[in-house]
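**Q** I have a structure I would like to understand better, so I am pasting it below and will then ask my questions one at a time.
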Amino acid sequence: MKIVKIDVKTVPISSPIRNAYIDFSKMTTSALAITTDIMKDGKPVVGYGFNSNGRYAPTCLLEERFIPRLLEANPKDLVTDDGSNLDPHKIHKIIMANEKPGGHGERAVAVGVIDMAVWDAVAKIEEKPLYQLLADRYGTGKTDDKVYIYAAGGYYFPDKGLTELQDEMKGYLDLGYRDVKMKVGGASLNEDVKRIEAVLDILPKGSGLMVDANGRFDLDYAIEFGEKVKDYELIWYEEAGDPLDYHLQAELSKRYPHAMATGENLFSLQDATNLIRYGGMNPEKDFLQFDCALSYGLVEYLQILDMLKEHGWSSRRCIPHGGHQLSLNIAAGLELHGNESYPGVFEPFGGFADRYAVEDGYVRLPEVPGIGFEEKSNLYDLLLTIGK
Ligand SMILES: [Mg+2]
């Protein structure tokens, strides 16, 4: 078999929302399609990929460097030994040839886009949902029949007051979510505390709240903030300081007594390893949010899961950032804790299959080959326009 063509386009996912660090008014993503010569139901198998939310489209890197590298490779070097399917691990090696170690940046995002499309194609060619393929190849063979998700919102928005924030959170509960997350760090400490209390006021028993500072705080402020919120029984306190400041994370871990979460802006196995080695994270209570669509893809994520195991971490401590269907498949197939979800934001890339409503904080996955994009109609409609 071989790859026939690869098409890519840049798509806007702009929105007027803001977190503690950035606004999303000019945000874009790259959407990519890999067409193979394998025919199913009279049509060639096409794998689709895109990069995750909160970054920008790496289309130039894809067009100038990574797609040509793949198309110029010997087709035999991209497929399994029996030639029946693409081999994501071999493809990863080819894409990363002539790349220096370190300095991951947008390169990791571009490679993640291709990787997503490759896995979608591989699972379609095997005629399995990706979560089942992952469980069979790398897990126990058993999959989780539903995945825990939480509603990530609570963004800063022009003219959004406490009532609007409460209404937003009530809306997530009405959609079937149990737990909700809100942004902090984009207002004064006192204002943020009022916002947190306003949300806690409307959460029913059994529902919980996470807060996300998006890397805004220095150590002193992170400690002060933690001190102020430590009695609120938050599910976690997320990305307090710069994602690469392991010293800050380690020092904060000594002082903040409850669960913390970070990792969405660590884009490689090496960065993830450094967090585990030096960040003071606790495998008994903390959460890891590496997002494979931003960090060289699932091939690298599998290596991260191996690294975590070696360091005594369960895969159940992982709950990826991004709210996309690839991580949902990984969660169901490889026994993660769950997945992020952004109801109503970052559409059509955020969100899951149309036919499954969220029920008490869990969502099911469709039994269709691949990642399941065909089951999310607004996303699939857009994916069909790639290369057109
Ligand atoms: Mg976050």
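**Q** Tell me, please, whether a residue that is under 18 Å from HIS321 (Cα atoms) and either of a type in the set (Asp, Glu) or without any contact (Cβ under 8 Å) to a residue 60 or more places away in the chain (or both) can be found in the range 130-143. Full working, then the answer.
**A** Kept after step one, since they are under 18 Å from HIS321 (Cα atoms), are these residues of the range 130-143: 131.
Next cut, either of a type in the set (Asp, Glu) or without any contact (Cβ under 8 Å) to a residue 60 or more places away in the chain (or both) only: none.
No, the range 130-143 contains no residue that is under 18 Å from HIS321 (Cα atoms) and either of a type in the set (Asp, Glu) or without any contact (Cβ under 8 Å) to a residue 60 or more places away in the chain (or both).
**Q** Within the range 343-371, work out how many residues are farther than 14 Å from PRO129 by Cα and not in a loop (DSSP other than H, G, I, E, B).
**A** Going through the range 343-371 one residue at a time, the tally reaches 3.
**Q** Can I ask one more? Might you let me know whether the range 12-25 holds any residue that is more than 16 Å from the ligand (Cβ to nearest atom), polar (S, T, N, Q) and farther than 22 Å from ASN265 by Cα?
**A** no
Per-residue answers, yes or no, for (1) surrounded by fewer than 21 Cβ atoms within 10 Å (Cβ to Cβ); (2) farther than 16 Å from ASN378 by Cα; (3) touching a Leu at 6+ places or on another chain (Cβ under 8 Å):
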site: ASN329; (1), (2), (3): no, yes, yes
site: ALA332; (1), (2), (3): no, yes, yes
site: HIS337; (1), (2), (3): yes, yes, no
site: PRO343; (1), (2), (3): no, no, yes
site: PRO348; (1), (2), (3): yes, no, yes
site: PHE352; (1), (2), (3): no, no, yes
site: TYR356; (1), (2), (3): yes, no, yes
site: TYR362; (1), (2), (3): yes, yes, no
site: LEU365; (1), (2), (3): no, yes, yes
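**Q** Filter the strands (runs of 3 or more DSSP E) completely within the range 1-58 down to those with at least 3 residues that are surrounded by fewer than 18 Cβ atoms within 10 Å (Cβ to Cβ). Please lay out each step first, then the result.
**A** Working: elements: 3-12, 28-40, 43-50.
Passing ranges, in order: 3-12, 28-40.
**Q** Further question: Residue check: is TYR221 without any contact (Cβ under 8 Å) to a residue 40 or more places away in the chain and more than 16 Å from the ligand (Cβ to nearest atom)?
**A** Values: without any contact (Cβ under 8 Å) to a residue 40 or more places away in the chain: yes; more than 16 Å from the ligand (Cβ to nearest atom): yes.
For TYR221, the condition - without any contact (Cβ under 8 Å) to a residue 40 or more places away in the chain and more than 16 Å from the ligand (Cβ to nearest atom) - is met.
**Q** Filter the range 336-351 down to the residues that are away from the ligand (no atom under 14 Å from the Cβ) and farther than 19 Å from PHE290 by Cα and list them by number.
**A** Result: PRO343, GLY344, GLU347, PRO348.
**Q** Within the group ASP242, ASP212, ASP218, which residue is closer than 17 Å to MET169 by Cα, in the same structural domain as PHE287 (by TED's automatic domain parsing) and modelled with pLDDT of 95 or more?
**A** ASP212
**Q** What is the number of the single condition among (1) within 15 Å of ASP291 (Cα to Cα); (2) among the polar types (S, T, N, Q); (3) in contact with a strand residue (DSSP E or B) (Cβ under 6 Å, 6 or more places away or on another chain) that ASN53 does not meet?
**A** (3)
**Q** Considering only residues that are within 16 Å of the ligand (Cβ to nearest atom) and not hydrophobic (A, V, I, L, M, F, W, C), which ones fall in the range 180-194?
**A** LYS181, LYS183, GLY185, GLY186, ASP192
**Q** Among the residues of the range 372-386 satisfying the criterion of being over 10 Å from PHE352 (Cα atoms) and in a loop (DSSP other than H, G, I, E, B), which is most open to solvent (accessible area, probe 1.4 Å)?
**A** Filtering the range 372-386 for residues that are over 10 Å from PHE352 (Cα atoms) and in a loop (DSSP other than H, G, I, E, B), the one most open to solvent (accessible area, probe 1.4 Å) comes out as LEU384.
**Q** Also, I was wondering about something else. Condition check: over 23 Å from ILE114 (Cα atoms) and surrounded by 24 or more Cβ atoms within 10 Å (Cβ to Cβ). Does LEU308 satisfy that?
**A** Here the answer is no, as LEU308 does not meet what is asked.
The values are calculated or read from the model by the stated rules, or taken from the named source; none is laboratory data. Keep in mind that what you see is a predicted model, and the values were worked out from it rather than measured. A quick note on method: Cβ atoms are made from the backbone with ideal geometry, for glycine too, and the neighbour counts reach across all protein chains shown. Just the protein is used for accessible areas: all its heavy atoms, side chains included, with ligands, DNA and RNA removed. Shrake-Rupley method; radii C 1.70, N 1.55, O 1.52, S 1.80 Å.
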